[in-house]
Amino acid sequence: MTRKPLTFLAVLPFAALAFNDNGSYFDHKDWEIACDNTGTCRAAGYQADEDENAISILLMRDAGADAAITGEITVIDRNGDEKNRQPLSGHLYLDGKNLGKITFSSDDFVVPKGRLSPAQAKAVSKAVAGSGKITFRTDKATWTLSNEGATAVLLKMDEYQGRVGTPTALVKRGNDKKTIPAPAAKPVIHAAAVPDTPPRVLKAGDGEYSALRYLLAEKAGDECIDLSESENNITLYPLDSSRILVETSCWVAAYNSANYYAILSPDLKTITASVDAEGYDYSDGTIEGGGRKRGIGDCLFTTHDTWDGKRFVLTYKAGSGQCKGFPGGAWELPIRVTTLQKP
């Protein structure tokens, strides 16, 4: 088993003519972009690192020639009344010009979000790709969006969606009449039914424990330090009459941990398949993975791998944005999405 680095997402090539099945991610300075396998791209910009007033604006665009830019905004309001919470409201400005009022939703006071109007979203996308200054103001505070990295990120959006040189491009606009790829459908994954039989747990000292632990450690290799140095429980989940999912601790770090998973024969003597999922929990046919990029938990990543009767398939992969002080992360930025059909 090869241990994957605990970063939120791997940087994959951006392709203009086809959407990568595992999506793509790119970040530069105070901006980042995640494009999923359907062609939808989400670009997020933040405050400069030295700025204490945390702000982020998300610009989202679906694939296709007619897709428009939409936008959302979030800030951390350090002047809010903890006892008498009211929805945050303020105005968006471009170089001092008022672009209109934004009222944030009242259902999340930790990381409240407001929706940009179509005109505001368009103005922001143009401004950050140039030298325009975007601020959000209330009567108590001002938040400033950084432009650093925005041009490179929005160019990646154009490249991924096949817009470079066309009238719909955000950065390198032109008159090219080439066909812009339409959105791709979400892959349909048919989840297989798994028995509701309670799992079997093997502990150190149990009859089959030592031989199975040795088998797993040999297969996992040096990357699963817990298998070679610790005597953790081994949990066995039946997948069907001929296959068993094995789960045991692989490694534990400061903020994250991961289990080792493999598929076994019923007699527990043969590993019939490795599972390429670095998760921390299995339940009802799905291995969930993820973690934090740093201790305060302001930047997370999540993966889901689902049993389809033959193998575990990656059904969802996302991150929550840069480490910019937002509890739980500012956004949900998927690069792999599917339609999961339950059995």
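Quick notes
- Conditions (1) surrounded by fewer than 19 Cβ atoms within 10 Å (Cβ to Cβ); (2) within 28 Å of Leu340 (Cα to Cα); (3) touching a Leu at 6+ places or on another chain (Cβ under 8 Å): number failed by Thr270: (2)
- None of Ala277, Ala258, Ala262 is touching a residue at least 12 places away in the same chain (Cβ under 8 Å), buried (at least 18 other Cβ atoms within 10 Å of the Cβ), touching a helix residue (DSSP H, G or I) at 6+ places or on another chain (Cβ under 7 Å) and not acidic (Asp, Glu) except Ala262.
- Set side by side, the residues Gly221, Gly207 differ, and just one is without any contact (Cβ under 8 Å) to a residue 40 or more places away in the chain and closer than 26 Å to Val275 by Cβ, which is Gly207.
- The condition (being over 18 Å from Ala18 (Cα atoms) and assigned by the TED database to the domain that holds Arg336) is satisfied by just one residue among Ala129, Ala141, Ala192: Ala192.
- Of all residue pairs spaced 6 or more apart or on separate chains, those with beta-carbon atoms under 6 Å, a first member in segment 316-343 that is in contact (Cβ under 8 Å) with a residue 12 or more places away in the chain and assigned to a loop (DSSP other than H, G, I, E, B) and a second member that is crowded, with 24+ Cβ neighbours inside 10 Å and among the acidic types (Asp, Glu) are Gln322/Glu32; Val337/Asp36.
- Test: residue in segment 307-318 that is under 12 Å from the mean Cα position of the chain (by Cα) and of a type in the set (Phe, Trp, Tyr): yes
- Residue pairs whose Cβ atoms lie under 6 Å apart, sitting 6 or more positions apart in sequence or on different chains, and linking a residue in segment 29-49 that is among the hydroxyl-bearing types (Ser, Thr, Tyr) to a partner that is outside any strand (DSSP E or B) and surrounded by 24 or more Cβ atoms within 10 Å (Cβ to Cβ), are Tyr46/Gln322.
The values are calculated or read from the model by the stated rules, or taken from the named source; none is laboratory data. Small disclaimer: the values here were computed from a predicted structure and weren't measured. Please note: Cβ atoms are built from the backbone with ideal geometry, for glycine as well, and neighbour counts cover all protein chains shown.
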